[in-house]
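Chemist: This structure is in C-alpha cells; I'll ask about it shortly.
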Amino acid sequence: MATFTKSCVILSIISLFACCTNAQLVNNFYATTCPSLETTVRNTMTSAIKNESRIGASILRLFFHDCFVNGCDGSILLDDTATFTGEKNAAPNRNSARGFEVIDAIKTSVEASCNATVSCADILALAARDGVFLLGGPSWIVPLGRRDARTASQTAANNQIPSPFSDLSTLTSMFSAKGLTANDLTVLSGAHTIGQGECRLFRTRIYNETNIDPNFATLRKTTCPLSGGDTNLAPLDTLTPTTFDNNYYKDLVAKKGLFHSDQVLFNNGSQDSLVTSYSTNSATFLNDFAAAMIKLSRISPLTGTNGEIRKNCRLVN
C-alpha cells in the first residue's frame, strides 16, 4: 500500500508539472484577472475603424505576419533599437505593416484596468478578430493565454511570410510548415476581401500575366504605371473593399485577383473547387474563416512561464 501511495504521489506531481509546463490556450483565460479586456479591445477597435476602415485589414495583416514568424507571440510589435533587431524592417513589413498605434492604444487602456496582466500577443489576436467583425465578418471565441516574446527574427520574417509573388505550390508548402492545410490557405486568403495592395506588388501581374481580366488590368494600370508609383494603392476586393464578405472569391473566378498569389488559388488547380464554393456560399466561407483563424491563432504560442507580459508592446521589459 505504501508503494502504491508513493507511486500515486509521484504521478500526481508529474501530472502537475506537465500541466504547468505545457499550458494551453483557453477561452476564458482572463475571466477573473481582467474581465473588462474584450470590451476594452472592442471599444478601441470600433473607434479606430470609424476613423479609418482600412485599419481593420491592417491589424489582421499584423496578426498573420506575427503568427507566421515563430508563432503568435507579439514579436512583430517590437521596435528596433541600438541593441535589438525586430521584424518591422523585414521586407514583408517595411513601410507596409501598420496599425501599431492602435495596439499601443489598446494596451494603454488595458494596463489602466489590468496592470501587467494581458499580453500584447493576446491583444493583437483579439484586435484582429474585432476588426473582421466590425467590417461585417464573423466573430469567434479567441483562445487566450499567450505570453510575449523577448526575441524577434528579421531573418524568419524575410523567409517565412508568404509573398504576393508566390505560386500555389510554394504557398501550400509555407502554410504546411505552420500546420495549415491547402484549404486553410484558401480560406485565410479570404482576408483579402478587405484592405489594399501596393502597385509594386501587383505591377508584374497586370502587365505580364495572361490569366487576368483585360478590363481589370487596364483599370489597375491607370494608377500603377510601368515605372514609378510603387506605393500607389488598389483595393484587394474590387466590389466591397471595406466589407468583410465573400466577394474576394467572386473576383478570383472573374480573373480579377490583384496579387499573383491570389489568382493562383483559381487557375485550373487544386483549389478551384473551394474558391468556386466560397464565391457562391457566403455562410460557408465566413464559418470556415472563423475556424481557420482559431487554428492560426494556436500556432506555437508562448504560455505558462515562457516569455513575458510586456509593459510596452514595442519593447522587451
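The values are calculated or read from the model by the stated rules, or taken from the named source; none is laboratory data. What you see is a predicted model; the values in this text were computed from it and never measured. Reconstructed Cβ throughout: ideal geometry from the backbone, glycine too, with neighbour counts over all protein chains shown. The area values use the complete protein model at the heavy-atom level, side chains included, leaving out ligands, DNA and RNA. Shrake-Rupley method; radii C 1.70, N 1.55, O 1.52, S 1.80 Å.
Chemist: Given the conditions (1) surrounded by fewer than 19 Cβ atoms within 10 Å (Cβ to Cβ); (2) touching a Lys or Arg at 6+ places or on another chain (Cβ under 8 Å); (3) within 26 Å of residue 243 (Cα to Cα), report the number of the one that residue 116 does not fulfil.
Modeler: All conditions are met except number (3).
Chemist: Suppose the filter is buried (at least 18 other Cβ atoms within 10 Å of the Cβ), on the phi > 0 side of the Ramachandran plot and not basic (Lys, Arg); does residue 229 pass it?
Modeler: Spelling it out, it is not the case that residue 229 is buried (at least 18 other Cβ atoms within 10 Å of the Cβ), on the phi > 0 side of the Ramachandran plot and not basic (Lys, Arg).
Chemist: With respect to residue 251, determine if the residue is among the acidic types (Asp, Glu), touching a Ser or Thr at 6+ places or on another chain (Cβ under 6 Å) and either under 23 Å from residue 178 (Cβ atoms) or buried (at least 18 other Cβ atoms within 10 Å of the Cβ) (or both).
Modeler: yes
Chemist: Then there is this: Looking at (1) under 17 Å from residue 129 (Cα atoms); (2) touching a Gly at 6+ places or on another chain (Cβ under 7 Å); (3) free of Cβ contacts under 8 Å to residues at least 24 places away in the same chain, which one does residue 45 not meet, given that it meets all the others?
Modeler: Among (1) under 17 Å from residue 129 (Cα atoms); (2) touching a Gly at 6+ places or on another chain (Cβ under 7 Å); (3) free of Cβ contacts under 8 Å to residues at least 24 places away in the same chain, the lone unmet condition for residue 45 is (3).
Chemist: Output the qualifying pairs, or none if there are none: Cβ atoms under 7 angstrom, residues six or more apart or on different chains, first residue in the stretch 92-111 and under 19 Å from residue 155 (Cβ atoms), second residue part of a loop (DSSP other than H, G, I, E, B) and of a type in the set (A, V, I, L, M, F, W, C).
Modeler: 92/161
Chemist: Being open to solvent by less than 40 Å² (accessible area, probe 1.4 Å), free of Cβ contacts under 8 Å to residues at least 60 places away in the same chain and not hydrophobic (A, V, I, L, M, F, W, C) narrows it down to one of 263, 271, so name that one. Even if it seems obvious, please write down each step before you answer.
Modeler: Details: 271 fails: free of Cβ contacts under 8 Å to residues at least 60 places away in the same chain.
Just a single option satisfies the conditions, and that option is 263.
Chemist: Still on this structure, I have one more. Is it fair to say residue 70 is open to solvent by 40 Å² or more (accessible area, probe 1.4 Å), under 14 Å from the mean Cα position of the chain (by Cα) and modelled with pLDDT of 95 or more?
Modeler: yes
Chemist: Within the stretch 79-87, is there a residue that is surrounded by 19 or more Cβ atoms within 10 Å (Cβ to Cβ) and of a type in the set (A, V, I, L, M, F, W, C)?
Modeler: Within the stretch 79-87 (the criterion being surrounded by 19 or more Cβ atoms within 10 Å (Cβ to Cβ) and of a type in the set (A, V, I, L, M, F, W, C)), the answer is no, since none of the residues qualifies.
Chemist: Considering 257, 179, which residue is within 26 Å of residue 290 (Cβ to Cβ) and either buried (at least 22 other Cβ atoms within 10 Å of the Cβ) or touching a Leu at 6+ places or on another chain (Cβ under 8 Å) (or both)?
Modeler: Just a single option satisfies the conditions, and that option is 257.
Chemist: Kindly evaluate residue 222 against the criterion of being within 23 Å of residue 53 (Cβ to Cβ), open to solvent by 70 Å² or more (accessible area, probe 1.4 Å) and free of Cβ contacts under 8 Å to residues at least 12 places away in the same chain.
Modeler: Numbers: within 23 Å of residue 53 (Cβ to Cβ): yes; open to solvent by 70 Å² or more (accessible area, probe 1.4 Å): yes; free of Cβ contacts under 8 Å to residues at least 12 places away in the same chain: yes.
Yes.
Chemist: Is it fair to say residue 245 is of a type outside the set (A, V, I, L, M), within 30 Å of residue 200 (Cβ to Cβ), open to solvent by less than 60 Å² (accessible area, probe 1.4 Å) and free of Cβ contacts under 8 Å to residues at least 24 places away in the same chain?
Modeler: Spelling it out, it is not the case that residue 245 is of a type outside the set (A, V, I, L, M), within 30 Å of residue 200 (Cβ to Cβ), open to solvent by less than 60 Å² (accessible area, probe 1.4 Å) and free of Cβ contacts under 8 Å to residues at least 24 places away in the same chain.
Chemist: Looking only at the stretch 283-317, which residues are among the β-branched types (Val, Ile, Thr), loosely packed, with under 15 Cβ neighbours inside 10 Å and farther than 24 Å from residue 181 by Cα?
Modeler: Scanning the stretch 283-317 gives a single hit, 305.
Chemist: While we're on this one: How do the helices (runs of 4 or more DSSP H) wholly within the stretch 98-208 filter down when requiring 3 or more residues that are farther than 27 Å from residue 221 by Cα and modelled with pLDDT of 95 or more: which remain?
Modeler: Per the criteria, 100-113, 120-134, 154-160, 168-176, 182-188.
Chemist: Moving on to the next point. Out of all the residues in the stretch 73-85, which are touching a helix residue (DSSP H, G or I) at 6+ places or on another chain (Cβ under 7 Å) and either among the acidic types (Asp, Glu) or closer than 25 Å to residue 201 by Cβ (or both)? Spell out how you get there, then give the answer.
Modeler: Taking the stretch 73-85 first, the residues touching a helix residue (DSSP H, G or I) at 6+ places or on another chain (Cβ under 7 Å) are 73-77, 85.
Hits for the stretch 73-85 are 73, 75, 76, 77, 85.
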